[in-house]
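What follows is a single structure, written as structure tokens, with notes after it.
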């Protein structure tokens, strides 16, 4: 069976896999269902999306992978698919972060000190042509309710641009204190089984 690789959210903030995937119960829930799970930490304060990919590629297992990106980790996950397409058998874009919001991007520009990580179309760091070229099963999980960082129109755009995307039930995104892992874990376990 494929290994589930979880790529956490955050963009130059105090975020890691422990806070995003472990404490909310996602890693334990998947392991309780018999799945192999890897939740590596992204490169802190990465200057580019390519640097994030270079950091994570050596950490990935050699066998088949179901790749899960959360929030801004969706950009990293897609870049990893593009770098290792033959090993990734399924992709989940969970609570995708919205790109191109002028108010949000202005605040992020001030925090980051550059626009290097803010460029892109539907997802930061990616063109819509790159998204449309993905040829693998994809699931998209909306934030429910939507918020400024995770807007509904981003989910709708992904569903239009990804030729094989399905929408899963939405939820609050981790590490929100009211996030409940059960529905997400159930959908991810089923999706992973379907890819083997």
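Couple of notes before you dig in:
- Computed from Cα atoms, the angle from the helix 152-161 axis to the main principal axis of the chain rounds to 70 degrees.
- Exposure proxy order (Cβ contacts within 10 Å, fewest to most) of 162, 56: 56, 162
- Subtracting the Cα-Cα distance of residue 176 and residue 14 from their residue separation scaled by 0.36 nm leaves 56.9 nm.
- Theoretical gain in end-to-end length, residue 55 to residue 135 [0.36 nm per residue, Cα-Cα removed]: 26.4 nm
- Considering only the chain, percent of DSSP beta bridges that pair antiparallel, nearest 5: 5 percent
- Computed per residue of the chain from DSSP H runs no shorter than four, each worth -39500 (n - 2.57), the mean residue ellipticity at 222 nm is -9500 deg cm²/dmol.
- Max mean-square fluctuation residue, GNM over the chain, Cα-Cα springs under 10 Å, options 17, 139, 107: 107
- Here 95, 21, 49, 168 are placed in order of increasing Cβ neighbour count within 10 Å, fewest first, which gives 168, 49, 21, 95.
- Overall form of the range 3-194 per C-alpha gyration tensor (a/c, 1.5; a/b vs b/c): rounded
- Given R0 = 35 Å, the distance between the Cβ atoms of residue 43 and residue 1 translates into a calculated FRET efficiency of 0.80.
- The stretch between residue 190 and residue 33 holds 55.5 nm of extra length on full extension. This uses 0.36 nm per residue minus the Cα-Cα distance.
- On Cα atoms only, tilt of 73-83 relative to the major axis of the chain in degrees: 70 degrees
- Here the residues 143, 75, ranked from fewest to most Cβ neighbours within 10 Å of their Cβ, fall in the order 143, 75.
- Note on residue 84 and residue 111: their simple-model spin labels are 2.7 nm apart, each label 7 Å out from Cα toward Cβ.
Any read-out appearing in this document is the output of simple, stated calculations on the displayed coordinates, not a laboratory observation. All figures in this text were calculated on a predicted structure; none of them were measured in a lab. Don't worry about glycine lacking a Cβ; one is built from the backbone with ideal geometry, like all the others, and counts go over all protein chains shown.
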